[in-house]
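Undergrad: Handing you this structure, nothing more for now.
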Amino acid sequence: MPSVGAPELLIVLLILGLIVVPLVVGVLSLVDIAGRPEAGFQAAGQSRATWLIIAIVSLFVPCVWFADVYYLAAIRPKLARRA
């Protein structure tokens, strides 16, 4: 049985991080968006449908997860203040 060294472990952790982190961020934002009422989005000048589409797409296109990070960092606090 071959031994697993630090370089192999680092590669595995890097690959898992590139897959798991965007997936978790996408799911968190999708759940948050789905749980908020449309009126809150309208009050904040946002579209719930647009953010739902972005969150769903981010589950399949990993580079879109930056939009989910933006939602969680910038839009979500605006929605929380409006609620």
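The values are calculated or read from the model by the stated rules, or taken from the named source; none is laboratory data. Please read all numbers here as calculations on a predicted model, not as lab measurements. In this analysis, Cβ positions are derived from the backbone assuming ideal geometry, glycine residues included, and neighbour counts consider all displayed protein chains. All accessible areas refer to the heavy atoms of the entire protein, side chains included, with ligands and DNA or RNA removed. Shrake-Rupley method; radii C 1.70, N 1.55, O 1.52, S 1.80 Å.
Undergrad: So residue 66 passes all but one of these: (1) among the aromatic types (Phe, Trp, Tyr); (2) open to solvent by less than 30 Å² (accessible area, probe 1.4 Å); (3) within 25 Å of residue 18 (Cβ to Cβ). Which condition number does it fail?
TA: For residue 66, the failing item is (2).
Undergrad: Taking into account only those residues within region 73-83 that are within 14 Å of the chain's Cα centre (by Cα) and open to solvent by 50 Å² or more (accessible area, probe 1.4 Å), which is farthest from residue 21 (Cα to Cα)?
TA: Across region 73-83, the extreme among qualifying residues is 76.
Rundown of residues vs (1) open to solvent by less than 70 Å² (accessible area, probe 1.4 Å); (2) at positive phi; (3) among the β-branched types (Val, Ile, Thr); (4) touching a Leu at 6+ places or on another chain (Cβ under 6 Å), yes/no style:
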| site | (1), (2), (3), (4) |
| --- | --- |
| 2 | no, no, no, no |
| 12 | no, no, yes, no |
| 35 | yes, no, no, no |
| 61 | yes, no, yes, no |
| 71 | yes, no, no, no |
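Undergrad: Quick check on residue 82: is it touching a residue at least 24 places away in the same chain (Cβ under 8 Å) and of a type in the set (D, E, K, R)?
TA: yes
Undergrad: Just need a number here: residues in region 26-83 that are of a type in the set (Phe, Trp, Tyr) and closer than 21 Å to residue 15 by Cα.
TA: Residues meeting the conditions: 3.
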